[in-house]
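The values are calculated or read from the model by the stated rules, or taken from the named source; none is laboratory data. Computed from a predicted model, the values in this text were never measured in an experiment. Here the Cβ positions follow ideal geometry from the backbone for every residue, glycine too, while neighbour counts run over all protein chains shown. Calculation scope for accessible area: heavy atoms of the full protein, side chains included, ligands and nucleic acids excluded. Shrake-Rupley method; radii C 1.70, N 1.55, O 1.52, S 1.80 Å.
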Amino acid sequence: MRALFCERPGEVLLRELPDPSPGPGEVVVRVAAALTCGTDFKMIRRGHPKIPFPARLGHEFAGTVERAGSGARFREGDRVVPAVSGPCGECPDCAAGEENLCRSAFEQKAWGGFGDLVLLPPRVVDRALRRVPEGLPPRCAALLDPLASVVRGVARARSPRDGKVVVAGSGPIAFLFSVLWRRAGAEVLVAGRRSRQLGLHRRAGARTCDVREASLDSAVAEWTGGRGARLVIDTTGNATVAESLLPLVARGGELQLFAGMPGDARLSLASGRVHYDEVTVSGSFHYTPREADEALGLLASGAIPSGDVVTSTRPLAEYEEVFRDLSYGDAMKTCLVP
Ligand SMILES: [Zn+2]
Ligand SMILES: [Zn+2]
C-alpha cells in the first residue's frame with residue numbers, strides 16, 4: 001500500500017508500506033475518497049504540536065472496510081466514515097458529554113487518509129466510526145469531520161438577535177458556517193481575500209467583502225447601521241486577523257475563535273470591550289459524537305451543497321500539484337482518490 005507522509009516541514013512524499021492487519025477491535029479501511037484540509041497545510045508548514053514527524057497526512061476520508069479484527073462491530077464491505085478522534089468514554093469530560101475535551105481523545109485517531117489503507121484503532125472503531133448512509137458518495141461523507149466541527153461552533157455561539165453573522169476567512173470552513181447560519185435564519189457576511197472563493201459564497205447566498213479592495217470595518221458598520229455584528233467568527237487562525245475583529249463586534253456580542261492558532265499565539269484585547277461592552281470572546285474545538293451524528297444527518301439530507309466545498313477530484317499520485325494549487329490558488333477542497 002501507499003501512504004503520503006510529511007517527513008519534516010515542507011517535505012512530503014508517497015511511501016510504500018506493508019498492508020496493515022487488524023488486531024482485536026481494529027478495522028482496516030480501504031480509502032475511497034480523502035479531502036484536503038487547512039490542517040494538512042499547517043502540518044506541512046510548521047508541524048503539529050500533537051503529531052510528531054514523520055507523520056501521515058489526511059484525516060477527512062471515507063471508504064470501505066477491507067478487514068475487521070475480532071470483536072469489531074463492522075464487517076468487510078461496510079461503507080464507513082470515521083470521526084477523527086477516539087474519546088476514552090471514562091474521564092470526567094467524557095462523562096459530562098464533552099468528549100471533544102477528553103485529554104486522551106487524540107491518542108487513538110483516524111489519521112492517514114491520503115493512502116490506500118488506514119488501520120483504525122479500537123476506540124475509533126467503537127466510538128467514532130459510522131456507516132455511510134445509503135446513496136451518500138464517499139467524497140460527501142468525508143466532509144463529516146469539518147462539518148461536525150462547524151455544527152459545534154454554531155451550537156456554542158449565542159444566536160445573534162439581529163440575525164447577522166460575520167465570518168472572517170472564505171475557505172471551506174467559512175462556507176460550512178455560512179450554510180448552517182443561513183439555515184438557522186441568519187444573514188451572513190463573509191470577509192476574505194480569495195476572489196474565486198468569495199464568488200462561491202455569493203452564489204450560495206452570502207454577502208462578501210473582499211478585504212483587498214474594501215475596508216471590512218466600513219462594510220460591517222454600513223451593514224449593521226453602525227452597531228457592529230452580534231456574532232463574528234474567526235476561521236483564519238491568524239492572531240493579527242483575530243485581534244482586528246474585536247472592534248467589529250457589537251456591544252453585547254460575541255467573537256468566536258474557531259480556528260486553531262500556533263501554540264505560542266497571544267491575543268491582545270481591549271479589556272473595556274469585554275467589561276463595559278460585554279463582548280464575549282469564546283472558542284470552539286473539535287466535536288462530540290452527537291455533533292458527528294448531526295453532521296452525518298445533514299450530509300445525508302442533502303442540506304450541504306458539497307459540490308461547492310469539494311471543488312475537484314484528483315488521483316492521490318498527483319498530490320504535489322494539488323498541494324501547490326491549493327496553497328497558492330483559491331479552490332476549496334480537493335478530493336484525492338487513491
Ligand atoms: Zn480537517
Ligand atoms: Zn475521555
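Things worth noting here:
- Scaled to the globular estimate 2.2 N^0.38 Å, the Cα spread of the stretch 158-283, given as radius of gyration, is 0.98.
- The stretch 1-159 gives an Rg/Rh value of 0.96, both radii derived from C-alpha positions and Rh following Kirkwood.
- Mean separation of Cα contacts under 8 Å, 6 or more apart, over the residue count of the chain: relative contact order %: 18
- A Cα-only calculation for the stretch 195-249 places Rg and Dmax at 11.7, 30 Å.
- Where the stretch 158-283 is the region considered: accessible area per residue in Å², 1.4 Å probe: 47
- In the stretch 43-117, the ratio of gyration radius to Kirkwood radius, Rg to Rh, stands at 1.02 when only Cα atoms are counted.
- Dimensionless Rg over Rh [the stretch 77-154; C-alpha; Kirkwood]: 0.98
- Directionally averaged projected area (convex hull, Cα atoms, the stretch 1-84), nm²: 5.8
- Considering only the Cα atoms of the chain, their convex hull presents on average a projected area of 16.7 nm².
- Percent accessible area from carbon and sulfur atoms, the chain, protein chains only, probe 1.4 Å: 48
- Mean Cβ neighbour count within 10 Å, used as a protection proxy, ranking 47-56, 117-126, 193-202 highest first: 117-126, 193-202, 47-56
- With all protein chains modelled, accessible area of M261 [1.4 Å, Å²]: 50
- Coupling constants for the stretch 83-91 follow from the phi torsions by the Karplus curve (6.51 cos²θ - 1.76 cosθ + 1.60, θ = phi - 60°), and in residue order they are 6, 6, 9, x, x, 6, x, 10, 7 Hz; glycine and proline get x.
- For the chain, calculated [θ]222 nm from helices alone, where every DSSP H run of n ≥ 4 adds -39500 (n - 2.57): -8000 deg cm²/dmol
- R0 of 30 Å, Cβ-Cβ distance S21-A317: FRET efficiency to nearest 0.05: 0.75
- Positive dipole terminus of the chain, leading residue within S215, A174, L101 (C-beta point charges): S215
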